[in-house]
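Trainee: Please find one structure pasted underneath; my questions will follow.
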Ligand code: AMP
Ligand code: MG
C-alpha cells in the first residue's frame with residue numbers, strides 16, 4: 001500500500017489571517033479613518049518570507065490571487081480597518097504641533113499562533129488628513145532602502161520594524177526628478193511614537209494621553225500591569241528611556257546612523273523606526289552625517305546617544321503629570337549609565353574580551369582613533385580582528401592591511417595580545433565568538449544604491465541577493481564576497497536626503 005503523507009492544510013493567504021485592529025477601537029481623536037488610493041497596475045517588487053512567517057502568512061502569498069488587490073486597497077480584507085494615526089513631534093529640534101501618518105495607513109493587526117500581535121502599515125498608500133503638502137506616496141527608491149535596512153537591522157539582532165513586501169507601479173511621482181511610486185508594507189507590534197504623546201500634551205488632552213499610555217502599557221508592556229497605578233507610568237517611562245539608551249548603543253556598535261532622529265521617528269517600544277537617509281559607516285568617522293539635508297550635523301553618528309537622551313527628555317516633559325517630574329528626572333539620570341554600560345559591553349565583545357579591565361576603554365579608543373586617522377573601514381576592520389591569532393602571521397597581516405599605518409596597527413596588536421593573554425583567551429573559541437559579534441555584511445549605501453538602480457530597470461535580483469545575505473550578516477556568503485568590499489569610487493557621489 002502506498003503510504004500517503006500526512007495531510008497538510010493549505011498555508012493561510014492574506015484573507016485567512018486573524019485580523020483585528022485594537023488601535024481602531026481607541027477614540028477617533030487618535031486617528032483618521034481613511035481609504036488607500038490604489039496604485040494603478042501594481043506588481044510585486046519584493047516579498048519577505050521571514051516577515052510572512054511572523055504572521056503565519058504563506059511564504060508564497062505574494063504571488064497568490066487577491067494579494068495585490070488586498071494590499072493595494074482596491075478591495076477590503078475582512079477584519080481590517082484602514083486608519084492614519086495622528087502625532088506631533090520635534091523635527092531637527094523644532095516643535096511641530098501637527099504631524100501624523102501623512103503617507104502611511106494602518107491596515108490592521110494580525111495575531112500569530114504565539115499570541116504576538118503585528119500591525120501592518122501601508123507606507124505610500126495615498127494622502128491622509130496629515131499629508132500637509134505631501135502626496136502621500138513613497139518612491140521605489142525609498143521603499144527599497146527601508147525594506148533592506150529593516151531586514152538588515154533584524155539580521156544584526158537590533159530591535160526594528162520589519163518589512164513584508166514592496167508593491168511597485170509605473171505611476172509617476174515627482175521628487176527632485178520624476179520617479180515611480182511604490183508601497184511598502186511595514187510591520188511592528190505598534191507604530192506609536194514619542195510624538196504621539198507629545199501631541200496630546202501640547203493640546204492639553206490629558207485624558208486621551210492617559211488612554212494612549214494605558215493602551216501601550218496593556219499591549220506592549222504587560223509586565224507593568226502588576227504595578228500600582230501610582231508607580232506604573234513612571235516605571236513605563238523609565239523602561240522606554242532604558243530601551244532607547246540600549247538601542248543607541250546597538251546602533252553605535254554596528255556603525256549605524258539613523259539620520260532623522262526627530263521625536264516622531266522614535267518608537268515608544270524602542271524599535272528602530274523610519275528608515276530614510278540612514279547610513280552604515282564605511283570608513284570610521286565618528287562625525288559621519290548620513291543625511292544630506294542635515295546641514296548642522298545634529299544627527300551625526302556620534303551625536304545619536306545624546307539626541308536619544310534629548311528625545312527622551314521631550315517625552316518626559318510631555319508625559320507630565322502622568323509621570324512626575326521626579327520620576328522623569330530619575331529615569332533620565334540613568335540614561336548615561338545604561339548607555340555607557342551597553343556600549344562598553346558591546347565594544348568589549350567586538351574585541352572578543354570576556355573579562356573587564358579598567359584599561360579596556362583605552363584599548364578600544366586607541367583602535368578607534370587609529371581607524372579614524374587611517375580611514376579604516378569599520379565593519380571590515382573588526383571582522384579581520386575576529387580572526388586574529390598572535391601565532392599566525394597571516395591573520396596579523398589581514399588585520400593590519402585594513403589600516404594604513406602598519407607600525408601603529410602592530411603596536412596596538414601587541415597591547416591587544418597581552419590583554420588576551422591576561423584572560424587566557426583561547427583563539428578558536430574567541431574567533432567563533434567574535435565572528436558571531438562582528439558582522440561581515442552591512443547595508444552599505446552603495447549596495448542599496450546598486451539594488452535601486454537595478455530595480456529601476458525592473459531587475460529585482462539584487463534586492464533578493466542582499467536580503468539573503470543581510471538576514472545572516474555574520475555568516476560567510478562566498479558567492480557574495482563583493483558585498484563586503486570597501487565602497488567603489490562612485491559611492492562617494494551618493495547623496496541621501498529626507499526626500500523619499
Ligand atoms: P518622515 O520624514 O517620513 O518621518 O515624515 C515626516 C512627516 O511628513 C510625517 O508626518 C509624514 O507622514 C509626512 N510625510 C513625509 N513624506 C510625505 C509624503 N510624501 N506625503 C505626505 N506626507 C508625508
Ligand atoms: Mg517619520
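Trainee: All but one of (1) more than 30 Å from residue 212 (Cα to Cα); (2) within 15 Å of ligand 1 (Cβ to nearest atom) hold for residue 49; which doesn't?
Mentor: Of (1) more than 30 Å from residue 212 (Cα to Cα); (2) within 15 Å of ligand 1 (Cβ to nearest atom), only one is false for residue 49: (2).
Trainee: Take the residues of region 266-288 that are more than 22 Å from residue 369 (Cβ to Cβ) and out of contact with any strand residue (DSSP E or B) (no Cβ under 7 Å at 6 or more places or on another chain): which is nearest to ligand 2 (Cβ to nearest atom)?
Mentor: Out of the qualifying residues, it is 274.
Trainee: What pairs come out if I take residues in region 252-281 that are at positive phi and pair them with residues that are away from ligand 2 (no atom under 15 Å from the Cβ) and part of a loop (DSSP other than H, G, I, E, B) whose C-beta lies under 7 Å away, six or more apart or interchain?
Mentor: Listed by first residue and then by second, the contacts come to 255/281; 255/442; 259/290; 270/159.
Trainee: Mind telling me which of the residues 12, 36 ends up being modelled with pLDDT of 95 or more, more than 24 Å from the chain's Cα centre (by Cα), surrounded by 14 or more Cβ atoms within 10 Å (Cβ to Cβ) and in a loop (DSSP other than H, G, I, E, B)?
Mentor: That would be 36, the only listed residue that is modelled with pLDDT of 95 or more, more than 24 Å from the chain's Cα centre (by Cα), surrounded by 14 or more Cβ atoms within 10 Å (Cβ to Cβ) and in a loop (DSSP other than H, G, I, E, B).
Trainee: Residue 270 - would you say it is within 14 Å of the chain's Cα centre (by Cα), farther than 19 Å from residue 91 by Cβ and away from ligand 1 (no atom under 12 Å from the Cβ)?
Mentor: Yes; evaluated as a whole, the condition is true for this residue.
Trainee: On the given criteria, is residue 146 part of a helix (DSSP H, G or I), closer than 26 Å to residue 269 by Cβ, within 11 Å of ligand 1 (Cβ to nearest atom) and at pLDDT 95 or above?
Mentor: yes
Trainee: Select from region 289-347 the residues that are in contact with a strand residue (DSSP E or B) (Cβ under 6 Å, 6 or more places away or on another chain) and part of a helix (DSSP H, G or I) and write down the one among them that is nearest to residue 360 (Cα to Cα).
Mentor: Among residues in region 289-347 that are in contact with a strand residue (DSSP E or B) (Cβ under 6 Å, 6 or more places away or on another chain) and part of a helix (DSSP H, G or I), the one nearest to residue 360 (Cα to Cα) is 301.
Trainee: Would you say residue 71 is within 16 Å of ligand 2 (Cβ to nearest atom), under 23 Å from the mean Cα position of the chain (by Cα) and at pLDDT 95 or above?
Mentor: So residue 71 does not fit the description; no.
Trainee: Going through region 126-142 one residue at a time, which ones are within 15 Å of ligand 2 (Cβ to nearest atom), part of a loop (DSSP other than H, G, I, E, B) and buried (at least 18 other Cβ atoms within 10 Å of the Cβ)?
Mentor: 128, 130, 136, 137
Trainee: OK, next. Determine which member of the set 238, 213, 218, 245 is assigned to a helix (DSSP H, G or I) and closer than 30 Å to residue 351 by Cβ.
Mentor: The unique qualifying residue is 245.
Trainee: Given the structure, is residue 56 farther than 30 Å from residue 262 by Cβ, touching a residue at least 12 places away in the same chain (Cβ under 8 Å) and out of contact with any helix residue (DSSP H, G or I) (no Cβ under 7 Å at 6 or more places or on another chain)?
Mentor: yes
Trainee: Return the only residue of 486, 471 being more than 16 Å from ligand 1 (Cβ to nearest atom), surrounded by fewer than 21 Cβ atoms within 10 Å (Cβ to Cβ), within 30 Å of residue 420 (Cβ to Cβ) and touching a residue at least 24 places away in the same chain (Cβ under 8 Å).
Mentor: Just a single option satisfies the conditions, and that option is 486.
The values are calculated or read from the model by the stated rules, or taken from the named source; none is laboratory data. These numbers come from a predicted model, not from an experiment. Note: ideal-geometry Cβ built from the backbone for every residue, glycine included; neighbour counts use all protein chains shown.
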